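Written below as structure tokens is the structure these notes are about.
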Amino acid sequence: MELDSSLSSGLLISRHGETTDNEMGVLSGHRQVGLSPRGYAQARRLEVLLRGTRIDTIYTSDLRRSLETGIIVSRNAIKVCSTPLLRERDGGSITGRLRHEVDWDKLPADVESCSEMMDRAYRFLRQLAPGNILIIGHEGINKALIAVLIGCSMREASYQTCVKEHCGLSYFPVRIYESSREAV
């Protein structure tokens with residue numbers, strides 16, 4: 001698969017490479033978990049896929065798994081900026097639990113809400129400068145970014161490649177205008 005190297009402006013959104021927590025179905029939340037061997041291989045494949053694509057800046061969360069993926073993809077040739085705005089959902093008391101043990105319809109009060117995540121996504125998007133941007137996020141924040149970008153719910157955004165697959169990639173041809181800092 002090759003991407004069009006003439007992309008002039010837009011957002012490429014990807015999910016970090018797989019971790020051992022992901023392999024075991026453990027909810028990592030804000031824990032500092034690194035990539036597994038499979039995750040490193042996924043990040044290297046993403047780097048190969050993106051070769052020749054103009055990317056002005058790579059944004060990652062400040063969590064290790066996202067930052068490691070960004071560094072691999074950058075080949076030390078593209079600026080990598082990390083920000084807590086792109087962190088995974090704050091899982092509160094469900095962090096460290098197995099995904100299948102959680103009642104997703106009745107989350108504890110200490111778990112970050114969808115509206116809080118969408119607010120974080122909106123604040124991140126508002127501060128972007130014009131250009132071709134690669135975002136390497138997490139399942140939850142990627143859903144929130146997409147929901148804000150296309151005006152849907154986080155549940156509806158769940159079906160994008162950059163949400164479901166580790167190092168999956170989705171492209172959004174948005175224009176970011178210097179005067180308003182609004183993604184349109």
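The values are calculated or read from the model by the stated rules, or taken from the named source; none is laboratory data. Everything quoted here is computed from the prediction, not taken from an experiment. Quick reminder, even Gly has a Cβ in these numbers, built from the backbone with ideal geometry, and neighbours come from all protein chains shown.
Brief remarks follow.
- Conditions (1) farther than 26 Å from TYR159 by Cβ; (2) in contact (Cβ under 8 Å) with a residue 24 or more places away in the chain; (3) in a strand (DSSP E or B); number of the one not met by VAL80: (2)
- Residue match in the stretch 46-60 (condition: acidic (Asp, Glu), buried (at least 16 other Cβ atoms within 10 Å of the Cβ) and not in a helix (DSSP H, G or I)): no
- Taken over the stretch 127-155, residues that are in a helix (DSSP H, G or I), of a type outside the set (A, V, I, L, M, F, W, C) and in contact with a Leu (Cβ under 6 Å, 6 or more places away or on another chain) amount to 0.
- Selection status of SER66, small (Gly, Ala, Ser) and at pLDDT 95 or above: yes
- Among the residues of the stretch 88-115, just one is over 22 Å from TYR159 (Cβ atoms), charged (D, E, K, R) and either within 11 Å of the chain's Cα centre (by Cα) or assigned to a helix (DSSP H, G or I) (or both), namely GLU101.
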